[in-house]
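The values are calculated or read from the model by the stated rules, or taken from the named source; none is laboratory data. Every value quoted in this text rests on a predicted model; they were computed, and no experiment measured them. Cβ atoms come from the backbone with ideal geometry, glycine included; neighbour counts cover every protein chain shown.
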Amino acid sequence: MFRIRQVHDDTTPANAGAVGQVQEILRSQFPALDPRDVDKLPDLLRDPLKHRFRGVLLVGEDGQDRVRGFAFLLHAPDLRFSYLEYISAAPGATGGGIGGALYERVREEARSLGSVGLFFECLPDDPVLSPDPEIRRQNAARLRFYERYGAFPIAGTAYETPLQEGGTDPPYLVFDGLGRPEPLSRRFARRMVRAVLERKYGDVCPKAYIDMVVESFRDDPVQLRPPRYLRAAPGEPPARASIRERLIALAVNEGHDIHHVRERGYVEAPVRIPSILSELRDSGLFEDVEVRHFGERYLRAVHDEGYLDYLKRACEKVPQGKSVYPYVFPIRNAARPPKELPLRAGYYCIDTFTPLNRNAYKAARGAVDCGLTCAEKVLGGHGLAYALVRPPGHHAEGSNFGGFCYLNTAAVAAHYLSRYGRVALVDVDYHHGNGAEEIFYHRSDVFTVSLHGNPRQTYPYFSGFEEDKGAGAGEGYNLNLPMPEGLDGGRYREYLARALHAVRRFRPHYLVLAFGLDPAKGDPTGSFTLGAKDFLENGRMIGALHLPTVVVQEGGYRTRSLGRNARSFFEGLWEGWNGGGGASR
């Protein structure tokens with residue numbers, strides 16, 4: 001496995017490890033680099049105001065989290081340009097397409113940030129400037145690589161003037177227009193060059209030198225050097241959608257129906273998935289992705305080991321075609337569970353209507369695989385990913401199942417993403433997200449938010465109250481927004497706005513959305529009256545957060561409106577995500 005992900009800071013062990021590996025690559029591949037420049041890399045990520053650039057670190061990792069290459073981008077949101085500071089493969093990892101994959105991702109990122117263009121320095125291939133033939137050969141190879149993407153040195157300026165007379169290999173300034181047809185204006189180029197020389201080199205470049213270089217940009221529009229290594233003027237490489245324009249990754253739990261209970265009144269039915277899928281297929285917003293299988297260690301990170309072992313063994317012992325419902329609960333003596341596994345169900349369950357059968361654990365594992373696949377996709381550059389799964393999971397706590405939920409897919413995905421940055425887990429199902437609340441109640445790296453019906457009248461009844469705000473390290477990192485019965489779409493959005501305001505204050509790097517369609521009008525398990533237009537507006541509001549987002553399907557049981565409401569929500573989510581420009585991301 002190889003993925004390219006953004007490292008936001010070094011505050012988690014996984015990110016700190018990646019930053020440390022990048023620093024080792026810098027020391028190895030750039031031996032002339034000032035050690036102070038290597039040491040300040042974490043600070044460039046943490047404190048953009050201090051350096052007047054926002055640092056964007058992209059790392060290419062293998063399946064063992066070993067960094068095989070990286071790119072470091074400086075973004076100037078005030079001037080709308082991006083500057084590629086470093087791009088390098090790790091020692092022994094050159095070739096194999098790593099450099100090309102990283103540069104393509106850099107271009108995607110620059111587009112997503114709303115940059116007018118991408119600039120960087122490249123050593124010269126002119127014998128007058130680079131007299132050593134071997135160094136000049138290496139310089140030419142790099143310039144040949146960039147020509148494939150339509151990136152050329154800016155011609156006719158004094159940018160490559162050495163700071164000291166007689167200096168060799170002064171860098172060209174290279175411009176990549178990112179496929180845009182508009183030429184580079186003199187006014188923009190001058191502002192950009194001054195910003196780079198003052199912000200990056202202000203401690204070594206005298207003011208007179210900076211003024212001289214800036215004034216040397218006289219052509220309007222700025223002229224680029226003609227192709228030197230391509231036989232014809234390059235076209236844009238095969239088009240790839242930018243991060244912000246990329247389709248929504250769709251992971252479907254194909255085994256969602258293997259645990260179906262064919263009993264009257266059992267609303268968590270397989271027809272829910274095709275009802276949603278049939279509408280999404282026509283929207284043009286989704287691309288199917290292959291679901292990866294993940295090991296049990298990902299489950300054990302959020303679920304109790306004894307509970308998981310019980311769930312797996314108990315399901316295996318239920319006869320094919322039969323279901324076991326909990327009916328005896330350990331109120332008197334929780335320390336002495338019965339020997340018979342089916343009788344022990346009440347020891348781990350919170351209600352009497354969630355059955356165990358032969359395939360319940362297997363179906364839930366498939367749902368978790370979908371959620372983790374989606375988490376991998378957003379780490380790798382997708383902005384939006386949707387795990388369309390049964391059974392749902394948001395009522396599953398660390399050591400309990402209930403509410404048709406066995407494993408908490410959203411919580412597993414959130415914990416997985418928390419290795420790489422702060423995560424907000426927002427639950428918009430009609431029922432309280434008691435599972436995530438319990439799992440993350442003492443943690444501050446995952447901010448849990450739940451919008452739900454009045455818990456005094458709505459399942460699971462014993463949780464979801466406003467005063468439950470987290471404890472210990474997690475105090476203040478759990479937000480419950482219980483709502484009155486019979487709520488319409490307009491009033492719902494008032495609560496949603498409060499939730500999203502709290503999310504923005506938390507400043508997460510990733511969003512996991514436990515997505516219920518049961519706030520819809522006519523849902524047999526709820527009392528709200530939301531219609532398709534309301535789901536559209538809710539999606540727009542959530543998309544406007546501009547966060548890499550994993551959506552996990554939870555409830556929603558009125559099959560006549562499920563597909564229409566789901567499609568409306570994702571159309572709104574897509575519009576909100578794409579409508580706000582990249583700089584706020």
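For the range 146-162, the criterion of being in a helix (DSSP H, G or I) and farther than 28 Å from G99 by Cα is met by none of the residues. All conditions but one from (1) modelled with pLDDT of 95 or more; (2) surrounded by fewer than 17 Cβ atoms within 10 Å (Cβ to Cβ); (3) within 37 Å of the chain's Cα centre (by Cα) apply to R218; the one that does not is (3).
Just wondering, is there one or more residues in the range 38-46 that are closer than 27 Å to L197 by Cα, of a type in the set (D, E) and in the same structural domain as F119 (by TED's automatic domain parsing)?
Within the range 38-46 (the criterion being closer than 27 Å to L197 by Cα, of a type in the set (D, E) and in the same structural domain as F119 (by TED's automatic domain parsing)), the answer is yes, since at least one residue qualifies.
When the criteria are applied in full, T549 fails the requirement of being β-branched (V, I, T) and surrounded by fewer than 24 Cβ atoms within 10 Å (Cβ to Cβ).
So which residues in the range 465-497 are at positive phi and at pLDDT 95 or above?
The answer is G470, G472, G476.
Residues considered: D351, D427, D369. Of these, the only one that is surrounded by 24 or more Cβ atoms within 10 Å (Cβ to Cβ) and either acidic (D, E) or at pLDDT 95 or above (or both) is D427.
Go through the range 16-42 and give me each residue that's part of a helix (DSSP H, G or I), out of contact with any strand residue (DSSP E or B) (no Cβ under 9 Å at 6 or more places or on another chain) and of a type in the set (D, E, K, R). Answer for the range 16-42, where residues must be part of a helix (DSSP H, G or I), out of contact with any strand residue (DSSP E or B) (no Cβ under 9 Å at 6 or more places or on another chain) and of a type in the set (D, E, K, R): R27, R36, D37, D39. The C-beta contact set for the range 447-476 (first residue surrounded by fewer than 19 Cβ atoms within 10 Å (Cβ to Cβ), second residue among the aliphatic types (A, V, I, L, M), distance under 8 angstrom, 6+ apart or interchain) comprises N454/M483; E466/L481; K469/L479. Exactly one residue among Y420, Y430 is touching a residue at least 60 places away in the same chain (Cβ under 8 Å) and under 14 Å from F515 (Cα atoms), and that residue is Y430.
Among the residues of the range 78-90, the one identified as surrounded by fewer than 19 Cβ atoms within 10 Å (Cβ to Cβ) and more than 14 Å from F119 (Cα to Cα) is D78.
Note on the range 172-207: among residues that are among the aromatic types (F, W, Y) and within 23 Å of P124 (Cα to Cα), the one that is nearest to the chain's Cα centre (by Cα) is F175.
Of all the residues in the range 543-561, those that are within 16 Å of L530 (Cα to Cα) and either out of contact with any strand residue (DSSP E or B) (no Cβ under 8 Å at 6 or more places or on another chain) or of a type in the set (V, I, T) (or both) number 4. In summary, P77 fulfils each of the numbered conditions (1) without any contact (Cβ under 8 Å) to a residue 24 or more places away in the chain; (2) closer than 24 Å to L379 by Cβ with the single exception of condition (1). Taken together, A93, A101, A140, A110 contain a single residue that is in contact (Cβ under 8 Å) with a residue 24 or more places away in the chain, small (G, A, S), surrounded by 15 or more Cβ atoms within 10 Å (Cβ to Cβ) and part of a loop (DSSP other than H, G, I, E, B), which is A93. Taken over the range 414-430, residues that are aromatic (F, W, Y) and over 24 Å from A497 (Cα atoms) amount to 2. Here M541 fulfils each of the conditions (1) within 22 Å of the chain's Cα centre (by Cα); (2) outside any helix (DSSP H, G or I); (3) surrounded by fewer than 19 Cβ atoms within 10 Å (Cβ to Cβ) apart from (2). Checked against the criteria, V196 counts as part of a helix (DSSP H, G or I) and either farther than 18 Å from L84 by Cβ or among the hydrophobic types (A, V, I, L, M, F, W, C) (or both).
Quick check on my filter: what residues within the range 483-493 are part of a helix (DSSP H, G or I) and surrounded by fewer than 13 Cβ atoms within 10 Å (Cβ to Cβ)?
G490
In the range 124-135, the qualifying residues are those that are surrounded by 18 or more Cβ atoms within 10 Å (Cβ to Cβ) and out of contact with any Lys or Arg (no Cβ under 7 Å at 6 or more places or on another chain), and the one that is farthest from F30 (Cα to Cα) is L129.
Does the range 498-507 contain any residue that is in contact with a helix residue (DSSP H, G or I) (Cβ under 7 Å, 6 or more places away or on another chain) and buried (at least 24 other Cβ atoms within 10 Å of the Cβ)?
There is no residue in the range 498-507 that is in contact with a helix residue (DSSP H, G or I) (Cβ under 7 Å, 6 or more places away or on another chain) and buried (at least 24 other Cβ atoms within 10 Å of the Cβ).
Of all the residues in the range 363-410, those that are in contact with a His (Cβ under 9 Å, 6 or more places away or on another chain) and among the basic types (K, R) number 2. If you go through the range 383-401 and pick out every residue that is crowded, with 23+ Cβ neighbours inside 10 Å and part of a loop (DSSP other than H, G, I, E, B), you end up with 9. Out of all the residues in the range 448-455, is one or more in contact with a helix residue (DSSP H, G or I) (Cβ under 9 Å, 6 or more places away or on another chain) and assigned to a helix (DSSP H, G or I)? Scanning the range 448-455 turns up no residue that is in contact with a helix residue (DSSP H, G or I) (Cβ under 9 Å, 6 or more places away or on another chain) and assigned to a helix (DSSP H, G or I).
May I ask you to verify whether P319 is part of a loop (DSSP other than H, G, I, E, B), touching a Lys or Arg at 6+ places or on another chain (Cβ under 9 Å) and either at pLDDT 70 or above or not assigned by TED's automatic domain parsing to the domain that holds G398 (or both)? Yes, satisfied.
Within the range 339-389, being among the β-branched types (V, I, T) and under 30 Å from W574 (Cβ atoms) holds for V368, T373, V378, V389. Here L356 fulfils each of the conditions (1) at pLDDT 95 or above; (2) not assigned by TED's automatic domain parsing to the domain that holds T458 apart from (1). Identify, please: which residue in the range 247-272 is modelled with pLDDT of 90 or more and of a type in the set (V, I, T) and is, among those, nearest to E376 (Cα to Cα)? Within the range 247-272, the match that is nearest to E376 (Cα to Cα) is I248.
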